[in-house]
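Contents: one structure, followed by commentary.
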Amino acid sequence: MIEALGIEKSFGTLKVLKGIDFRAAKAEVVSIMGASGAGKSTLLQILGTLSRPDAGTLTIDGTDVSRLNSNRLSAFRNKKIGFVFQFHHLLPEFTSTENVMMPALIAGRPEKEARTEAQRLLEELGLAERMSHKPSELSGGEQQRVAIARALVNSPSVLFADEPSGNLDTRTKDELHRLFFSLRDRYGQTIIIVTHDAGLAAMCDRTMLMQDGQFIGQDSGTK
């Protein structure tokens, strides 16, 4: 599903990624761990096509995304990739349903279809009673589940999560962690998670450790 080869990235004179190779199979859940500054989030942004590498190639679901121009890359990202971040980035003036609908509307889906799919996902994620609530009326865990529904609304092939439970209490965090694996089992998505949480990493199919812009101690390929 994902093959990244020779990925390099620098910011000024600081080389953050030093020839990274990374592969993930369809429906595999991979965690990436490492100290702050190791390059985890930079790699995730490149794998998620939010940032372009200085060198290297990236293929997602059979498409060489490094060859796509900006417009085609944006369309590919909207259709094939979902994102969940530590800070959910929900739009405060919109309801849960409206927040989840946004990527579907951007993709050109009819409003009725987008609303139906958003409500289905929210119900599936236990938010049937929160569809008309705005983010300020939701708990942290509920906001993060809305963000996950938003990431899933276009049925992406890959879901990227950057410290998705970093701001949650222990009980809510555990529920969220189980949710990721339930989603994988139901939808068959490849899920890549950057985390400092050893418990979440232990649940994943594979964990890779980053240090100083490189993976250490693990093979870059799938099991």
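Where a number appears in this text, it was derived from the coordinates with a stated rule and is not lab data. In this text the structure is predicted, and so the values were computed from the model without any measurement.
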Practice task
Please provide three numbers in whole Å: the alpha-carbon extents of segment 30-86 along the principal axes, with the largest listed first.
Solution key: 34, 25, 18
Problem - Distribution of pairwise C-alpha distances over the chain, 10 Å bins, in % - result: 8, 34, 36, 19, 3, 0
Exercise for the section: Equivalent ellipsoid semi-axes for segment 1-49, as square roots of 5 times the alpha carbon gyration tensor eigenvalues: give them largest first, rounded to whole Å. Expected result: 20, 13, 8
Completion exercise
By the Kirkwood definition, with r running over pairs of different Cα atoms, segment 1-112 has a hydrodynamic radius in Å of 15.8 Å
Problem - Compactness of segment 74-131, expressed as Rg and Dmax over alpha-carbon positions, Å - result: 11.6, 33
Practice task
Determine the gain in length on full extension of the stretch GLU8-SER136; use 0.36 nm per residue of separation and subtract their C-alpha separation, reporting nm with one decimal.
Solution key: 42.1 nm
Practice task
Work the Kirkwood hydrodynamic radius out for segment 124-205: mean of 1/r over every pair of different alpha-carbon atoms, inverted, in Å.
Solution key: 13.3 Å
